[in-house]
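The values are calculated or read from the model by the stated rules, or taken from the named source; none is laboratory data. Just so it is clear, the model here is predicted, and its values are computed rather than measured. Neighbour counts run over all protein chains shown; Cβ positions are idealised from the backbone, glycine included. Just so you know, the surface numbers come from the protein's heavy atoms only, side chains and all, with ligands and any DNA or RNA stripped out. Shrake-Rupley method; radii C 1.70, N 1.55, O 1.52, S 1.80 Å.
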Amino acid sequence: MIVITSPGEMNAWSQSARRREKRIGFVPTMGCLHRGHLSLIDVARSHGKCDTAVMSVFVNPLQFAPNEDFDKYPRQWELDKKLAEDAGVDVVFHPSSEDMYSANAKTFVEVADLSSVMCGITRPTHFRGVTTVVAKLLHIVSPQVTVFGQKDAQQCFIIRRMVQDLMMETEIIMAPIIREIDGLAMSSRNAYLSAGERGQAVCLSQSLEVAKKMINAGEKRSAVILEAMRTYIQRNPLAKIDYITVVNTETLQETPEVLQNTLIALAVYFGKTRLIDNIIL
Ligand code: AMP
C-alpha cells in the first residue's frame with residue numbers, strides 16, 4: 001500500500017493508473033476507520049468492479065462549524081494505515097489541511113436546497129464543506145467509481161446531485177449501513193458515548209424497526225409513523241431528538257405518505273454527541 005500526501009502526486013498516480021486501464025474505486029473518509037468504512041472498499045471492488053482502491057483519510061476542517069468537534073474528532077493515523085492495508089487498499093491519500101486549502105482560497109461548491117434541510121438545519125455550513133472537499137478530491141483522484149455509505153444518506157444524495165450538475169465523470173455508489181450487533185450504526189462518534197448513552201443509543205435503529213413494522217403492516221401516513229418513532233425514542237431519558245423526518249430521496253422534501261423512494265431519517269443527541277441513522281424504502 002502506498003501513502004500519498006501531495007495532491008499533485010495523487011493526481012499523477014491516478015492518471016498513470018488510468019493510462020494502464022485501471023478502474024479506480026475511491027472511498028473518501030475522515031479516518032478513525034471501522035468496519036463500516038472498510039466495507040466500502042469491498043463494495044468498490046464487487047459492485048463497482050474496480051481493480052484499484054484509493055481511500056482518502058482527511059478530517060476536513062471546512063465541514064465543521066466553529067462550535068463543533070473538529071479539534072477533538074478522533075484521529076488514529078497509524079492504526080488507520082494498518083486497517084486500510086489489511087482491507088486491500090492500494091493507495092491512501094492523506095493530505096494536510098494546508099495541502100488541500102491555500103490560505104487565499106475563495107471557492108466553494110454548494111448544492112442548493114438539499115443542503116439546507118434535515119442535518120443542514122442544525123449544521124447550516126456542513127454540506128458546503130463536504131461538497132467543496134469532495135469536488136476537490138474527485139478532481140485529484142479522478143476515480144471511475146466513488147463509494148459513500150447510506151449511513152450519511154443525505155450526504156450521498158447531495159453528492160450525487162453535485163456530480164450530475166457539474167458533469168463529473170464518476171459513478172456514485174451508496175453502500176449499506178454496517179451496524180453493531182445490537183443495531184447501532186457504526187460511527188467514529190460512537191466513541192464519545194458514555195456507557196449509559198451507548199445503552200440507550202440503540203433506540204435510533206430500533207425506532208426505524210418500529211417504522212418498518214408499521215409500513216409492512218400497511219401504514220403509509222408519515223405523521224403516524226413519525227409519532228410512533230418519537231414516542232419510542234422519548235422513552236430513553238438521555239436521548240434528545242434533533243429531527244425525525246420522512247422525505248423523498250430526490251428532493252429531500254417532506255412527504256405526507258411513505259411511498260417508493262422514501263427516506264426516513266433521524267438525528268438524536270446524547271449529551272453533545274449527535275447520532276444519525278436512516279432507512280430507505
Ligand atoms: P466519515 O469518515 O464518517 O466521513 O465516513 C466516511 C464514509 O464512510 C462515508 O461515506 C460514510 O457514509 C461511510 N460510513 C460511515 N459509517 C458507516 C457505516 N456504519 N456503514 C457504512 N458506511 C459508513
* **Verdict on Pro61 being out of contact with any helix residue (DSSP H, G or I) (no Cβ under 7 Å at 6 or more places or on another chain) and open to solvent by 30 Å² or more (accessible area, probe 1.4 Å)** => no
* **Residue that is most open to solvent (accessible area, probe 1.4 Å), among those in the stretch 194-204 that are out of contact with any helix residue (DSSP H, G or I) (no Cβ under 6 Å at 6 or more places or on another chain) and touching a residue at least 24 places away in the same chain (Cβ under 8 Å)** => Ser194
* Starting from residues that are of a type in the set (A, V, I, L, M, F, W, C) and within 25 Å of Ser188 (Cα to Cα), keep the ones in the stretch 143-168 and report whichever is nearest to the ligand (Cβ to nearest atom). => Phe148
* Structure fact -> Log entry, pairs with first residue in the stretch 178-192 being open to solvent by 70 Å² or more (accessible area, probe 1.4 Å), second being at pLDDT below 95, beta carbons closer than 7 Å, six or more apart or on different chains, reads Ala191/Pro74
* Which fully enclosed helices (runs of 4 or more DSSP H) of the stretch 139-231 have 1 or more residues being assigned by TED's automatic domain parsing to the domain that holds Pro28? -> 153-165
* Structure fact -> Every listed condition ((1) closer than 16 Å to Met30 by Cα; (2) without any contact (Cβ under 8 Å) to a residue 40 or more places away in the chain; (3) open to solvent by 50 Å² or more (accessible area, probe 1.4 Å)) holds for Asp99 save (2)
* Among what's in the stretch 169-199 and is of a type in the set (Asp, Glu) and more than 14 Å from the ligand (Cβ to nearest atom), pick the residue that is nearest to Ser14 (Cα to Cα). => Glu169
* Structure fact -> Note: among Arg35, Arg23, just one is open to solvent by 50 Å² or more (accessible area, probe 1.4 Å), within 13 Å of the ligand (Cβ to nearest atom) and touching a residue at least 24 places away in the same chain (Cβ under 8 Å), namely Arg35
* Asked: Is there a residue being assigned to a loop (DSSP other than H, G, I, E, B), in contact with a helix residue (DSSP H, G or I) (Cβ under 7 Å, 6 or more places away or on another chain), open to solvent by less than 50 Å² (accessible area, probe 1.4 Å) and under 21 Å from Val130 (Cβ atoms) anywhere in the stretch 74-91?
  -> yes
* Does the stretch 85-107 contain any residue that is over 21 Å from Ile173 (Cα atoms), in contact with a Leu (Cβ under 7 Å, 6 or more places away or on another chain) and of a type in the set (A, V, I, L, M)? -> no
* In the set Ser207, Ser222, which member is closer than 13 Å to Leu184 by Cβ, at pLDDT 95 or above and open to solvent by less than 40 Å² (accessible area, probe 1.4 Å)? -> Ser207
